[in-house]
Amino acid sequence: MPSMKTNRSAAKRFKVTGNGKLVRFKANKRHILTKKSTKRKRGLRQPTVVDATNVKTMKRILPYS
């Protein structure tokens, strides 16, 4: 059976923690930042865990993670 291919775009956007959880960075921090509050922008800097509803899909496209 041939080896499975990793989705390279997903591999660049998601990292796996030591416990096996997937971590991603938040959206909405690229432009139009003047109308966003400092508190909101500060929160967008922090990485977050991928939602449980998406984990199954993400594990499928990142088979070696």
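Key figures
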{"quantity": "Backbone HN-Hα couplings from phi across region 54-59 [Karplus 6.51/-1.76/1.60, Hz, Gly and Pro as x]", "calculated": "9, 4, 4, 5, 5, 5"}
{"quantity": "Packing rank of 26-35, 56-65, where each peptide gets the mean count of other beta carbons within 10 Å, highest leading", "calculated": "56-65, 26-35"}
{"quantity": "Rounded to whole Hz, the Karplus (6.51, -1.76, 1.60) HN-Hα couplings of region 41-51, x for glycine and proline", "calculated": "5, 5, x, 6, 6, 7, x, 9, 7, 5, 4"}
{"quantity": "Label-to-label distance, nm, for residues given as M1 and K41 (7 Å Cα→Cβ offset)", "calculated": "4.9"}
{"quantity": "With 5 Å bins from 0: P(r) over the chain, alpha-carbon pairs, percent", "calculated": "3, 15, 23, 18, 14, 13, 7, 4, 1, 1, 0"}
{"quantity": "R24 versus T57: modelled label distance in nm, points set 7 Å from Cα along the beta carbon direction", "calculated": "0.8"}
{"quantity": "Protein-only accessible surface order, largest first, of K21, K41 at 1.4 Å", "calculated": "K21, K41"}
{"quantity": "Among the listed pairs K29/K59; K21/K56; K12/K36; K15/K36; K12/K35; K15/K35, those beyond 20 Å (Cα-Cα)", "calculated": "K29/K59; K12/K36; K15/K36; K12/K35; K15/K35"}
{"quantity": "Relative contact order (%) - criterion: Cα under 8 Å, at least six apart; region: the chain", "calculated": "41"}
{"quantity": "Accessible-area order (highest first, 1.4 angstrom probe) of the listed residues V16, V50", "calculated": "V16, V50"}
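The values are calculated or read from the model by the stated rules, or taken from the named source; none is laboratory data. This one's a predicted model, so the numbers in the text were calculated from it and none came from an experiment. Using ideal geometry, Cβ is built from the backbone for each residue, glycine included, and neighbour counts are taken over all protein chains shown. Please note that ligands, DNA and RNA were not included when accessible areas were found on the heavy atoms of the full protein model with its side chains. Shrake-Rupley method; radii C 1.70, N 1.55, O 1.52, S 1.80 Å.
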